[in-house]
Ligand SMILES: Nc1ncnc2c1ncn2[C@@H]1O[C@H](COP(=O)(O)OP(=O)(O)O)[C@@H](O)[C@H]1O
Ligand SMILES: [Mg+2]
């Protein structure tokens, strides 16, 4: 234990000392990216990507606010994004949703206008299909802009109504993997998650440099001649690197949450746990790479390339929608696993999907460390 | 025996890096392992300390077979690797403390012995500095400090003086003597003949993976030193001189190059006065005269037919 702690402590000390450039790359850079992508590009990046989404619309309310809502949906801007299909009943809408004819079902309840005009909470029920989370985000963005958009707001207030509170009701549908989502991520919420995850992937570089100097190369060899077992050396190094990157995660989350109001949801412990798993996975990946190629520089450049590709296919830089079977390639991206699990947690997606992602990450962790150990044994000595 | 190896063999692909090496190092000595670059010294050491597994043969340290991980043995060995193995981003003191902790020191003893090691290597007043700022010699000394803070009974040094200034080198050589005086057995590896000659009591000469000679310095020199070389610089050369010098008792061979005459003679048999007389008789003056005693260099030259350093 003492030996592990010694390795751990001095590695951590070195990581923390190695400020300047590293802090710039690992903390400041992602925060700046979150800010830039979340704001400057936020308004424009979705529309050309997404195209028209089919939605179902059930109107049970005959009041005036519902008229406004329909007018809003019929607007030119909205028509580019949504194709509204009138549906007679909720039941019919859910069937269409299951058949993937539509990606979301929007419902106005019977007393919708009534409640709005009384200044009460007025739910717009939105049921989305979990297979198209990004389209769901678009739809929810649009609905939010209805509530908060200038014209509507003005119209409502001119009618003597306070700004209605926007609440999605949590309608659960029996035995279907269809769920309602809660709030909608804004661009900055989205990039807060993806850039944090990307930074974690770059954290694999701690493993490539740490493992090559303190495990493989001269100092590592020297440590191996002391009364320290290779496993203790290994564990101490991995723990220190995990803690270093996890510390950076916490800084990024705290800063983006407090300063940019990035939404990290209500279940912070679970989000942190997912981030921690991602950190362990990234360190495992870096360790595996350096053990496989036995060369720090090559391992680092491979890791950097993997990070860019993995961030890209996970939609980290901008949302990508890979149709059909090819979409499965996303599951190869560690970023995708972590992002999906975090979005799912923050925006109340189906819990089983979070569990699947976490399980996939655990599997990947075991595989990377397993390969790393085998590769190390096979290296000629 | 502190170290004993029996027919150690290590191959790297087609290279036979270590070829049936038998070494015996006894308690309290400074043992020199002398050989040119690529002789197999580092590979041998790596097998002694378990970094490389031998293809054949055995290693025993402190009389115990050194296979696998033996903390008891490791705690009592200090290794100064050939390549600098220190952290540039830890201070000198932190570097020494790090390794001392790994060797199991703690508490008061840790602090005291770390201070002693820094003192010993002349780094005490720079202990809070980072090695980034150190000269090559200081880094080498720190490299040594990291190996001695735990006060090992056996210190293995792999070319600890490569590429440093004479002052640091002398400091290191003095330190090695002092460590030895304090009771440590030292295995000292070098390709500098002078260092080994100056420092070590017993020497093994290694070349191309093999130990070509092993023994006290005197024993090794005796191997080759039936003869001594007398080198004489003359003011002028007369070509009958060679034959006249060969006729002098004890001289076995005489050669002339420009105005230098080299004699190979049976040890301690030649009268130098007689040689000078012969030269003067030809009308030439002796400008300088040198009787060269055998060195480890000449041992190496004789045994391998090549120079230690090219
Ligand atoms: N890891 C290795 N892989 C391949 N060849 C090696 C390796 N280590 C050493 N060698 C070769 O073994 C021989 C002995 O090297 P080494 O023990 O480093 O010699 P020395 O320390 O005496 O300079 C050299 O020919 C060297 O090239
Ligand atoms: Mg060497």
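The values are calculated or read from the model by the stated rules, or taken from the named source; none is laboratory data. Worth saying up front: this structure is predicted, and the values here are computed from it rather than measured. Every residue, glycine as well, gets a Cβ built from its backbone with ideal geometry; the counts of neighbours run over all protein chains shown.
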Residue set B:45, B:25; condition more than 12 Å from ligand 1 (Cβ to nearest atom), in the same structural domain as residue B:105 (by TED's automatic domain parsing), touching a residue at least 60 places away in the same chain (Cβ under 8 Å) and within 19 Å of residue B:209 (Cα to Cα); output residue B:25
Number of the exception - residue B:128 against (1) within 14 Å of chain A (Cβ to nearest Cβ); (2) in a strand (DSSP E or B); (3) surrounded by fewer than 19 Cβ atoms within 10 Å (Cβ to Cβ): (2)
Of (1) assigned to a helix (DSSP H, G or I); (2) more than 14 Å from chain A (Cβ to nearest Cβ); (3) within 16 Å of ligand 2 (Cβ to nearest atom), residue B:115 satisfies every one except (3)
May I ask you to list the residues in the stretch B:173-195 that are modelled with pLDDT under 90, assigned to a helix (DSSP H, G or I) and in contact with a strand residue (DSSP E or B) (Cβ under 9 Å, 6 or more places away or on another chain)? B:193, B:195
Single condition residue A:217 does not satisfy, out of (1) more than 9 Å from chain B (Cβ to nearest Cβ); (2) surrounded by fewer than 19 Cβ atoms within 10 Å (Cβ to Cβ): (1)
Inside the stretch B:95-112, can you point out the residues that are crowded, with 16+ Cβ neighbours inside 10 Å, more than 7 Å from chain A (Cβ to nearest Cβ) and farther than 15 Å from residue B:138 by Cβ? B:97, B:100, B:105, B:110
List pairs: first residue in the stretch B:150-166 and in the same structural domain as residue B:137 (by TED's automatic domain parsing), second residue more than 13 Å from ligand 2 (Cβ to nearest atom) and in a loop (DSSP other than H, G, I, E, B) anywhere in the structure, Cβ distance under 6 angstrom, at least six positions apart or on different chains. B:150/B:103; B:150/B:105; B:152/B:76; B:153/B:76; B:154/B:2; B:155/B:184
Search result, residues across the stretch A:242-295 that are more than 14 Å from residue A:199 (Cβ to Cβ) and not in a helix (DSSP H, G or I): A:260, A:261, A:263, A:264, A:265, A:266, A:267, A:294, A:295
Which listed residue, of B:67, B:71, is modelled with pLDDT under 95, at the interface with chain A (Cβ under 7 Å from one of its Cβ atoms) and surrounded by fewer than 16 Cβ atoms within 10 Å (Cβ to Cβ): B:71
Taking the stretch A:71-94 and keeping residues over 32 Å from the mean Cα position of the chain (by Cα) and within 12 Å of residue A:106 (Cβ to Cβ) leaves A:86, A:87
So, in the stretch A:234-260, exactly how many residues are at pLDDT below 90 and under 28 Å from residue A:377 (Cβ atoms)? 1
Being surrounded by fewer than 16 Cβ atoms within 10 Å (Cβ to Cβ) and in contact (Cβ under 8 Å) with a residue 12 or more places away in the chain narrows it down to one of A:320, A:346, A:308, A:280, so name that one. A:320
Within the stretch A:235-252, how many residues are touching a residue at least 60 places away in the same chain (Cβ under 8 Å) and surrounded by fewer than 20 Cβ atoms within 10 Å (Cβ to Cβ)? 4
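Pick from B:101, B:75: which is touching a residue at least 12 places away in the same chain (Cβ under 8 Å) and away from ligand 2 (no atom under 16 Å from the Cβ)?
The conditions single out B:75.
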Residues located in the stretch B:159-181, provided they are within 16 Å of ligand 1 (Cβ to nearest atom), buried (at least 19 other Cβ atoms within 10 Å of the Cβ) and away from every other protein chain (no Cβ under 14 Å): B:161
The stretch B:36-61, subset on the phi > 0 side of the Ramachandran plot and either within 14 Å of chain A (Cβ to nearest Cβ) or surrounded by 21 or more Cβ atoms within 10 Å (Cβ to Cβ) (or both), residue farthest from ligand 2 (Cβ to nearest atom): B:50
